[in-house]
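The values are calculated or read from the model by the stated rules, or taken from the named source; none is laboratory data. This structure is a prediction, so every number in the text was calculated from the model and none was measured. Neighbour counts are summed over all protein chains in view; Cβ atoms, including those assigned to glycine, are modelled from backbone coordinates with ideal geometry.
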Amino acid sequence: MKQSVIITIAIGFLFNISMTSTRCLAQEAAPDFLKMMPEIPSDMTEPSHRAAYLITHFWDKFNFHDTTLLMTDHLLERSFVEYLDLLSLVTSDTRDQSIQSLLKKSEAEPGCFSFIMQLSEQYLYDPESPVCDDEKLIPFLQYALQSTLLNDTEKFRFRYLSDCISTNRIGHLANDFSYTLMNGETNNLHAIEADFTLLYFNDPDCDDCQMLIKQLIASPMINQCTQSGRLKIITVYVNDDLEAWKKHAKDVPQAWIYAYDAEQTINPEVIYNIKQFPTLYLLDKDKNVILKDCCFETLEAYFRSS
């Protein structure tokens, strides 16, 4: 993801880098936003403390009663996107507390609260969003489900989203399921023996899926892990066009597990929340989720550093 102007500024704040030229550039790009930025105390030098202060006080200067100001030039939306980026710099506890504080302040103006909840789904749940992150969305949903501003009907969507993204969370045991091979043999995900399992949900006729297969095959890092036996790759087709699935069997290496959901339970029963194809999950030896809905670059970077 292209680094945002505000992230550039934040890095400078956190690491005490000279900000003269960066500030000038940012002021030209987003002057209204910079006026809203909290001033970090100059004697606060520890990067983690500066990040926590920035996130904790991010919304201090925003007047949520003034909807005209917040909607002018998309100020609230632009600020919110930068805020989501900055949340990656702090601990999960600091992140969740900051989100709760933001939503509590925004409840002063129901229109702002509703708009922020709309933005949270748009940017954190949509797989096409560069800041998509289920873990960041969870505290937004938890707050909304407890809010007295919303009735049961209005909470229905948030409850559905919460149920979807609460399955197979990072650090939790991945849901098991049965899969079927070309020869009709069946087995279970949890029965795969390897240090790592790459669970790859795909559609054979999907261009992005074909591109991902080529990237995985061409990656020296991934090949090294598969050849050593540390990594097992299982591709799972969850739809019912078996002719298309069989036709593309030749596209994947024989060492991979090429399977489909013969029982047709993964999607209908939301055993996995598959937002789009391709979808990748990286699991550890015990089938706990390490990476969820990750891209190829993130996957390769993980193995490069492990």
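Observations on the model:
- Verdict on Glu39 being modelled with pLDDT of 90 or more, surrounded by 15 or more Cβ atoms within 10 Å (Cβ to Cβ), charged (D, E, K, R) and assigned by TED's automatic domain parsing to the domain that holds Ser106: no
- Which listed residue, of Ser101, Ser114, Ser120, is in a helix (DSSP H, G or I) and buried (at least 20 other Cβ atoms within 10 Å of the Cβ): Ser120
- The residue list Tyr237, Tyr200 contains one member that is in contact (Cβ under 8 Å) with a residue 60 or more places away in the chain and touching a strand residue (DSSP E or B) at 6+ places or on another chain (Cβ under 7 Å), which is Tyr200.
- Given (1) over 20 Å from Tyr302 (Cα atoms); (2) at pLDDT 95 or above, index of the condition Asp205 fails: (2)
- Counting only residues that are closer than 20 Å to Gln97 by Cα and not aromatic (Phe, Trp, Tyr), region 47-70 holds 13 of them.
- The requirement of being closer than 19 Å to Asp93 by Cβ, outside the structural domain of Phe201 (by TED's automatic domain parsing) and of a type in the set (Asp, Glu) is not satisfied by Asp152.
- All positions within region 87-118 that are touching a Phe, Trp or Tyr at 6+ places or on another chain (Cβ under 7 Å), aliphatic (A, V, I, L, M) and modelled with pLDDT of 95 or more: Ile99, Leu102, Leu103, Ile116, Met117
- If the condition is being farther than 16 Å from Pro139 by Cα and surrounded by fewer than 13 Cβ atoms within 10 Å (Cβ to Cβ), then region 74-93 contributes only His74.
- With respect to the conditions (1) assigned to a helix (DSSP H, G or I); (2) touching a helix residue (DSSP H, G or I) at 6+ places or on another chain (Cβ under 7 Å), Asp176 falls short on a single one, namely (1).
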